[in-house]
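For reference, the structure is listed below as structure tokens.
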Amino acid sequence: MALQIVHHPDYDAGFAVNHRFPMSKYPLLMAALRARGLAVSEALSMPEPAPAAWLKLAHAADYVDHVLACEVPARIEREIGFPVGQRVSLRAQLATAGTVLAARLALKHGIACNAAGGSHHARRAQGAGFCTFNDVAVASLALLAERAVEHILVVDLDVHQGDGTADILKDEPRAFTFSMHGERNYPARKIASDLDIALLDGTGDAAYLDRLRAILPELSARRRWDIVFYNAGVDVHVEDRLGRLALSDDGLRARDKMVISHFRARGIPLCGVIGGGYSTDVPALAQRHAILFEAAAAYA
Ligand SMILES: [Zn+2]
């Protein structure tokens, strides 16, 4: 079976090529997936913009209204890292709905990926760190609200700590948040996940994969999860501009395969999101994000 992939051309908000946020990685990722034969039209889905009611499950109503009206206060835009104009607002609504859609497809098909998402620094009150809305938190709370699932596990392997997801889901006992990240990296003030593993600068493939291999059985033994959200951020890569860790392409491949095979072997649906990746070589970055889809396709 072909891997279910969620995508929208307006995931790309068209930033200048030299912007600190490499926005062109979204269309380049789709091109990389097509070149690999992974983006098959009958298994491609496009989201509609997320309704405000979904967004307000995870975020303060006034913040959601400000984003939808493109009236985010300048102080918050500075924390996000870019102004929230029409295209940014639309892309945030689409990418969030894309993770909701991918989660539903995962429940139906066992596995699905959004070719965006993983905006894990957006907290309940506001966005931050290149994240406008927290797609995984919105999807978690939407699925719980409609009783599609009872117990959710978030496995966040982006190199940055999942502070926003932890903030939004901290009082939600039906969702368990796990983050493994670089200790000295953004955000400076971390918000505790249900379980955090902080890694030292320069951690490479072997040590990284050992930690992951040891923790996965603990996560799956906690309870019978109805779905796993997997943030496969590639900013753990040695060539990442913001990463501080030192994984290779093979390390990334082994990581994604380890996570996906672990949960799929136990019959647990998995929704993959791409998370962070920062490189001035955006075509190389897109190839790195494609690794998640290669690993997922083997279990579709
Ligand atoms: Zn990151």
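The values are calculated or read from the model by the stated rules, or taken from the named source; none is laboratory data. No experiment lies behind these values; they were computed from the predicted model shown. Cβ placement follows ideal geometry from the backbone for every residue including glycine, while neighbour counts extend to all protein chains displayed.
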Out of (1) more than 13 Å from the ligand (Cβ to nearest atom); (2) charged (D, E, K, R); (3) touching a residue at least 24 places away in the same chain (Cβ under 8 Å), what's the single condition that is false for residue 156?
(1)
Filter region 74-109 for residues that are touching a residue at least 12 places away in the same chain (Cβ under 8 Å), surrounded by fewer than 18 Cβ atoms within 10 Å (Cβ to Cβ) and part of a loop (DSSP other than H, G, I, E, B) and give the result.
81, 82, 85
Please state which one of 149, 136 is at pLDDT 95 or above and more than 15 Å from the ligand (Cβ to nearest atom).
149
Which residues, taken from region 171-194, are in contact with a Ser or Thr (Cβ under 8 Å, 6 or more places away or on another chain), of a type outside the set (Val, Ile, Thr) and away from the ligand (no atom under 14 Å from the Cβ)?
172, 175, 178, 193, 194
I'd like to verify a number: residues in region 276-298 that are within 16 Å of the ligand (Cβ to nearest atom) and more than 25 Å from residue 161 (Cβ to Cβ), how many?
0
Within region 26-70, tally of residues that are in a helix (DSSP H, G or I) and among the polar types (S, T, N, Q)
1
